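Structure first, commentary second.
Read the figures in this text as sums done on the coordinates, not as results from a lab. Here the structure is a predicted model, which means the values were calculated and not measured.
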Amino acid sequence: MDEKRRYLTPAEAADALRVSTDTVLRLVSSGELPAIRVSPRVIRIPTPAFEAFAAGREPRRRRVVTRRSHSEVDLGAGERTVEPVTC
């Protein structure tokens, strides 16, 4: 980021955080990321507020779900297993 910039657009903040613009707008609307509404459609994020938010932000780790494999086959209603024929 340029040191002389005083404000960031939501798109610039999203690019720096590596998230979508919608995520940045949700952070702004929830109050987690301070911003200034310049007009009904224009939002600007002060650079010091963004840097403080980015410094304290830890990326969330998604939980990995592992499923156990069944050793037996699940049968539907009315189905049954047949014993193998031995000769």
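Brief remarks follow.
- Net length available on complete extension from Phe53 to Arg26 is 8.3 nm, with 0.36 nm assigned per residue and the Cα-Cα distance removed.
- Compactness index (Cα Rg / 2.2 N^0.38 Å), segment 7-56: 0.99
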